[in-house]
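S.K.: Before we start, here is the structure in question, set down as structure tokens.
Taken together, the values in this text are just the output of simple stated rules run on the coordinates, not laboratory data. Bear in mind that the values here come from a model prediction, so they are computed numbers and not experimental data. Using ideal geometry, Cβ is built from the backbone for each residue, glycine included, and neighbour counts are taken over all protein chains shown.
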Amino acid sequence: MNTIQFKSFDKERALYNLKDTEVNNCTFAGSMDGESALKEARNIVISDCNFSLRYPLWHVIDFKIKKSTISDASRAPIWYSMNGIIENSSISGIKAIRECNNISISNCHISSEEFGWKCNNINIFDSQIDSVYFLFETKNVHIKNLKMQGKYSFQYMDNVIIENSYLDTKDAFWHSKNVTVKNTVVKGEYLAWFSENVTFIDCKIIGTQPLCYCKNLKLINCTMEATDLAFEYSEVDADVVGNILSVKNPKAGKIVADSVGEVIFEDAVMPVEGQVIIREK
């Protein structure tokens, strides 16, 4: 591969359609404020670089980013790109990754309000992410060892696996399908409303009014904390260890727990036939 190193770029499309090149210890910033520095690049490796110009990596195919910083000034740094590896890097920008395919992220810190929208085949491992609308309408996702802070996350997604993570986010998994969450803390109100085929295994669920209007919802060996008015109008098969504050109007299926503070069947707008079973001691 060719090599570009120890340079500074600030012109529009400074390295447009760059191919088969390593870009090392370079800075993308300056008075000319040029956009799209590496647009349409092919087969590139970026290492120890700093990006402070808008839209640097659009329509890029076969790329690797390592030990680099993409600042908030980049706004929307990686769009319409595919076959990318991002590791040991810091990524900001309000719309950091969008409509990308086959992207793997590891050991990164990311701060982006609208991160990862409408993508496909995304892996995120050993990372920390702050986001508001995280992974909206993204499909085929594997997440492991993620610490995540946000709101309105994981909505309208399909085919998701999350393992060994900590998720602090309200309104997570709304309208999402085919999701499995394992050995994870999920903290935040109104969890997974209107979802379908969502399974929680060995998880801790924290927050008010979780898991309502769900289809084919499963909880296996989970605990629930501060979870009042749970399971309203849901089709559910739940095995809960410990106490549930309250259960309201489960539509169908069964909920097994060691104790339930209150079981509420009232003011239902549809038939509700779910069973609440207290586990025998």
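S.K.: Cut-off is 10 Å between beta-carbons; in what order do Val45, Val240, Val247, Val141 appear when sorted fewest neighbours first?
M.R.: Ascending number of Cβ neighbours within 10 Å: Val45, Val141, Val240, Val247.
S.K.: Given H placed 1.01 Å from N in the peptide plane, which residues other than close sequence neighbours of Ser234 have an amide H under 5 Å from its amide H?
M.R.: Amide H to amide H, under 5 Å and 5 or more residues apart or across chains, Ser234 pairs with Tyr213, Cys214, Lys251, Ala252.
S.K.: Next question, about the same structure. Per residue of the stretch 174-179, in order, report the coupling 6.51 cos²θ - 1.76 cosθ + 1.60 (Karplus, θ = phi - 60°) as ³J(HN,Hα) in whole Hz, putting x for Gly and Pro.
M.R.: Per residue, the Karplus-derived 3J(HN,Hα) values read 4, 6, 8, 10, 6, 10 Hz.
S.K.: Which far-off residues, 5 or more places away or on another chain, put their amide H under 5 Å from the one on Ile65, with H placed in the peptide plane?
M.R.: Amide H to amide H, under 5 Å and 5 or more residues apart or across chains, Ile65 pairs with Ile46, Ile85, Ile86, Glu87.
S.K.: Let me ask something additional. Can you tell me what the convex hull of the Cα atoms of the chain projects to on average, as an area in nm²?
M.R.: 14.3
S.K.: Could I ask something else about it? Excluding the sites themselves, what is the longest stretch of the chain that contains no chymotrypsin sites (Phe, Trp or Tyr not before Pro) in a DSSP loop with at most 13 other C-beta atoms within 10 Å?
M.R.: Values: sites that count: Phe6, Tyr16, Phe265.
With a cap of 13 other Cβ atoms within 10 Å, the longest stretch comes to 17-264.
S.K.: Measuring from label point to label point, each 7 Å out along Cα→Cβ, what is the His142 to Lys64 span in nm?
M.R.: 1.9
S.K.: On to the next question. Going by Cα centres, the stretch 167-186 and the stretch 145-166 are how many Å apart?
M.R.: If you average the Cα positions of each part, the centres end up 5 Å apart.
S.K.: On to the next question. Report the Rg/Rh value for the stretch 1-160, based on alpha-carbon coordinates and the Kirkwood definition of Rh.
M.R.: Rg/Rh for the stretch 1-160 comes to 0.96.
S.K.: Rank these for me by crowding, Thr227, Thr199, going from fewest to most other beta carbons within 10 Å.
M.R.: Working: Thr227 24, Thr199 18.
Fewest to most other Cβ atoms nearby, the residues stand as Thr199, Thr227.
S.K.: Return the long-range amide H neighbours of Phe9 (sequence gap of 5 or more, or a different chain), with a cut-off of under 5 Å between placed amide H atoms.
M.R.: Excluding prolines and chain starts, which carry no amide H, the hits are Thr27, Phe28, Ala29.
S.K.: Which is farthest toward the positive dipole end of the stretch 170-281 among Asn216, Leu245, Asn178, measuring Cα position about the Cα centre, with Cβ charges +1 (Lys, Arg) and -1 (Asp, Glu)?
M.R.: About the Cα centre, the residue reaching furthest to the positive side is Asn178.
S.K.: For every other residue with a beta carbon closer than 12 angstrom to the beta carbon of Lys248, add +1 if it is Lys or Arg and -1 if Asp or Glu, then tell me the sum.
M.R.: Once all neighbours under 12 Å are counted, the net charge is -4.
S.K.: Work out how far the C-alpha atoms of the stretch 175-221 reach from end to end along every principal axis, then list the three figures in whole Å, largest first.
M.R.: The Cα atoms of the stretch 175-221 stretch 21, 20, 14 Å along the principal axes, largest first.
S.K.: Just the Cα atoms of the stretch 125-249, one point each, no solvent: what log10 I(q)/I(0) does Debye give at q = 0.10, 0.17, 0.18, 0.22 Å⁻¹?
M.R.: The Cα Debye sum returns log10 ratios of -0.24, -0.74, -0.84, -1.34.
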